[in-house]
Amino acid sequence: MNEGQFTSALRRAARAIAIVTVVAFAACTSQTPTTRPTGDTATLEQRARASEEAGNLAAAADLYTQLASTVSGTSRVGYLLEAARLAADSGDTALARRRLTEARTGANAAQQQTSAVLLARLELAERRPQSALDMLAAIPPPLSDSAQRDAAAIRGQALFQLGRPVDAVRVLVEREVWLGDAEAIVANQRMIWDGFKQFPVSTAPAPTGDAIIDGWLALAPLATSANTDLRRALLTWRQTYTNHPAAGGLLAELLAGQRSTRFPTQIALLLPLSSPQRDAALAIRDGFMAAHLRNPANAETEVRVYDSTVPGSREAYLRAQLDGADFIVGPLLQPEVDQVIAEAGFVPTLALNFATGDAPFLTSFYQFALAAEDEARAIAAAAIAAGARSAIAMVPSNQRGYQLRDDFNAAFTAAGGELVAWNGYEPALQDFSQPTAALLNVTRSRERYRRLSANLGVAVQFPEPRRREDVDMIFVVADARAARLLAAQLRFFAAGDIPTYATSSIFDPARAARDTDLNGFIFPDTPGLVSPDEAAATMRSEVQTYWPQRVVLLRLYGMGFDAYRLAGSLYADDAGAWPIRGMSGDLSLDSRGRVHRTLPLAQFQNGRPVALTAPGAAPIDATLIGQR
């Protein structure tokens with residue numbers, strides 16, 4: 001192992017766990033009077049740290065040397081040790097030795113340990129591994145945690161140089177005990193991998209009986225293998241050593257390093273093709289393939305479609321990885337996403353649904369869904385922009401209805417609005433008069449007149465019951481059938497003049513007849529349906545021509561179309577691509593890898609949806625509200 005190789009390997013680990021904490025040692029263990037740092041000293045320290053962070057190690061070492069000349073005692077020693085470390089990092093072992101020689105005078109016990117460990121590191125960098133081991137063995141115990149970490153790293157590298165890979169792996173595996181974060185652990189694992197690459201194992205060592213050590217030894221041949229398909233070999237290794245520490249962050253890093261193009265050469269598309277959701281799966285598949293065929297620049301890309309129903313989503317996901325997929329799209333169903341997320345993190349993946357609950361965040365695992373939560377947020381934003389500050393809601397009496405109520409309420413409240421009341425209804429019923437009357441306070445109005453009549457003992461003539469006057473908008477979650485019934489009830493109770501917003505499920509794109517019952521209702525939907533550009537209009541025309549039975553699934557067709565484009569942007573890690581104008585909305589990516597949609601709005605006019613120019617900005621045709 002040459003000096004540059006060692007310096008590079010050890011520096012990566014040192015970035016995560018600093019070799020010395022110089023000033024802390026000086027403050028905590030000083031036995032020699034030290035000079036208090038001045039304002040100029042603080043400025044030099046800032047410059048030294050900035051130079052190191054910028055990668056200018058030689059300049060940082062010079063600045064620490066200057067700092068050493070401004071102070072005395074253990075503070076001076078600490079700065080010299082920092083200068084020595086940085087000189088070693090830059091490969092200048094001669095300068096590092098000079099600084100360590102200067103640091104001998106006035107060093108306390110902790111600094112003497114640090115100096116001894118650094119000297120052992122220099123011996124190793126100059127290809128004297130046995131001398132490095134002897135130096136480490138001569139350091140009197142006990143060693144600080146920092147010294148233990150650094151000494152173990154040097155010891156492991158020295159053992160690799162001496163042709164003792166089993167001992168080297170054992171030392172570096174034990175070193176993880178002193179590492180406190182994931183970055184440092186991956187850097188330590190990378191040190192083992194680099195050891196196998198730089199000092200190949202000539203003969204396979206006998207199994208040790210330790211599953212972790214044996215897993216590393218099984219990985220060793222791959223580090224220097226001429227196997228052109230390293231991806232497949234690594235994933236095959238992982239099938240055997242699923243719970244091995246290296247099967248996490250290090251494996252993901254190695255697989256990411258296999259990317260050689262800006263667009264995947266092989267995409268796996270996982271869909272439940274033999275499930276009850278087959279029609280939805282086919283619509284997504286057709287949209288995905290339509291986008292693929294329209295992109296001649298990706299003619300070399302192969303798309304392989306896998307049925308996630310048989311043998312199962314997890315098995316299909318693993319098979320796609322082993323088959324060499326550069327990018328995986330799917331699975332579609334939420335339970336399937338929950339199943340594969342445990343296997344994710346190795347091949348970039350765009351799931352076509354959101355995992356349930358607080359799924360763990362994984363690098364290169366993304367989630368894209370036609371989530372009604374995006375619609376609830378779009379409605380809240382549009383209503384606030386239109387001047388609404390108070391709202392009531394009518395939602396189905398089920399988990400989905402309650403969740404969308406909460407999503408709307410959170411967004412509406414955050415923007416300064418208030419959900420003053422809500423009510424649930426049973427979607428299977430034909431009459432929603434009771435929950436509608438209760439929500440509008442019509443029931444209370446009737447009760448007041450009944451009590452008045454009873455108190456007077458005579459029949460009292462009274463006008464039609466009055467509905468509440470304290471709301472600016474109504475939020476409705478309903479399908480097209482339920483929405484028609486609710487619209488009739490709102491008109492009956494004189495609430496047809498209140499702006500009413502609903503989720504996109506009220507619009508059935510396959511319905512030929514005009515939906516005049518829904519006149520005035522405002523809803524968000526995909527641009528491909530309510531404000532299509534030329535590409536979206538062409539897509540819709542093609543679906544109506546070639547797959548008329550799938551018109552109702554146009555949203556899913558557009559989702560498949562968008563998923564293909566997202567695969568390219570995510571694979572290339574193109575941060576400048578966002579937001580992306582898609583068939584499903586303006587798409588943005590959050591910090592947890594979820595793709596969210598910003599949606600246009602439409603209003604039913606003369607029984608047909610008419611796009612509004614911007615959420616909350618377009619004038620609403622008030623003459624249509626409450627009319628059929």
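The values are calculated or read from the model by the stated rules, or taken from the named source; none is laboratory data. The structure presented is a predicted model; accordingly, all values stated were derived computationally and were not measured. Using ideal geometry, Cβ is built from the backbone for each residue, glycine included, and neighbour counts are taken over all protein chains shown.
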Being of a type outside the set (Val, Ile, Thr) and modelled with pLDDT under 85 is true for just one of Ala50, Ala54, Ala26. Which residue is that? Ala26
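Where in region 55-128 are there helices (runs of 4 or more DSSP H), lying wholly inside it, with at least 2 residues that are of a type in the set (Val, Ile, Thr)? Before you say what the answer is, go through the steps one by one.
On the way: elements: 57-68, 73-89, 93-102, 109-125.
Answer list for region 55-128: 73-89, 93-102, 109-125.
Considering Arg319, Arg314, Arg377, which residue is surrounded by fewer than 20 Cβ atoms within 10 Å (Cβ to Cβ) and touching a residue at least 24 places away in the same chain (Cβ under 8 Å)?
Arg314
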When only residues in region 507-529 that are of a type in the set (Val, Ile, Thr) and surrounded by 22 or more Cβ atoms within 10 Å (Cβ to Cβ) count, which is farthest from Ile474 (Cα to Cα)? Thr526
Members of region 252-298 found to be farther than 23 Å from Val337 by Cβ and over 25 Å from the mean Cα position of the chain (by Cα), listed by number: Ala290, Leu293, Arg294, Asn295, Pro296, Ala297, Asn298
When region 60-96 is examined, which residues are found to be surrounded by fewer than 17 Cβ atoms within 10 Å (Cβ to Cβ) and touching a Ser or Thr at 6+ places or on another chain (Cβ under 7 Å)? Thr70, Ser72
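Considering only residues that are of a type in the set (D, E, K, R) and in contact (Cβ under 8 Å) with a residue 12 or more places away in the chain, look in region 346-374 and name the one that is surrounded by the most Cβ atoms within 10 Å (Cβ to Cβ). Give the steps one after another, and end with the answer.
Narrowing region 346-374 to residues of a type in the set (D, E, K, R): 358, 373-374.
Checking the rest, the ones that are also in contact (Cβ under 8 Å) with a residue 12 or more places away in the chain come to 373-374.
Values: Glu373: 18, Asp374: 20.
That would be Asp374.
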Breaking point among (1) buried (at least 18 other Cβ atoms within 10 Å of the Cβ); (2) within 18 Å of Phe604 (Cβ to Cβ); (3) hydrophobic (A, V, I, L, M, F, W, C), for Val471: (2)
Residue list for region 523-564, restricted to those being out of contact with any Ser or Thr (no Cβ under 9 Å at 6 or more places or on another chain) and of a type in the set (Val, Ile, Thr): Thr538, Val543, Thr545, Val551, Val552
Taking the condition touching a residue at least 60 places away in the same chain (Cβ under 8 Å) and not in a strand (DSSP E or B), does Arg484 pass? no
For region 190-208, check the following and say yes or no: at least one residue is surrounded by fewer than 17 Cβ atoms within 10 Å (Cβ to Cβ), in contact (Cβ under 8 Å) with a residue 40 or more places away in the chain, not in a loop (DSSP other than H, G, I, E, B) and not small (Gly, Ala, Ser). no
Long-range neighbours under 6 Å by Cβ, at least six apart or interchain, first residue at pLDDT 85 or above within region 523-540, second among the polar types (S, T, N, Q): Phe523/Ser504; Asp525/Ser504; Thr526/Ser584
Could you list all residues from region 142-172 that are buried (at least 20 other Cβ atoms within 10 Å of the Cβ), in contact (Cβ under 8 Å) with a residue 40 or more places away in the chain and within 14 Å of Ile212 (Cα to Cα)? Pro165, Val169
Per the filter on region 322-345, residues within 23 Å of Tyr241 (Cα to Cα), part of a loop (DSSP other than H, G, I, E, B) and touching a residue at least 40 places away in the same chain (Cβ under 8 Å) are Asp323, Gly324, Ala325, Asp326, Gly345
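If only one of Trp193, Trp178 is of a type in the set (Phe, Trp, Tyr) and modelled with pLDDT of 90 or more, which one is it? Explain how you work it out, then say what you get.
Numbers: Trp178 fails: modelled with pLDDT of 90 or more.
Exactly one residue qualifies, and that residue is Trp193.
Tell me, please, whether a residue that is of a type in the set (Phe, Trp, Tyr) and not in a helix (DSSP H, G or I) can be found in region 272-290. I'd like the intermediate steps shown before the answer.
Here is the first cut: in region 272-290, the residues of a type in the set (Phe, Trp, Tyr) are 288.
Subsequent filtering for residues that are not in a helix (DSSP H, G or I) retains none.
Checking region 272-290: not a single residue is of a type in the set (Phe, Trp, Tyr) and not in a helix (DSSP H, G or I).
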Do we have any residue at all in region 287-302 that's in contact (Cβ under 8 Å) with a residue 60 or more places away in the chain, in the same structural domain as Glu542 (by TED's automatic domain parsing) and closer than 30 Å to Asp210 by Cα? no
Among what's in region 403-431 and is in contact (Cβ under 8 Å) with a residue 12 or more places away in the chain and assigned to a loop (DSSP other than H, G, I, E, B), pick the residue that is farthest from Ala391 (Cα to Cα). Gln430
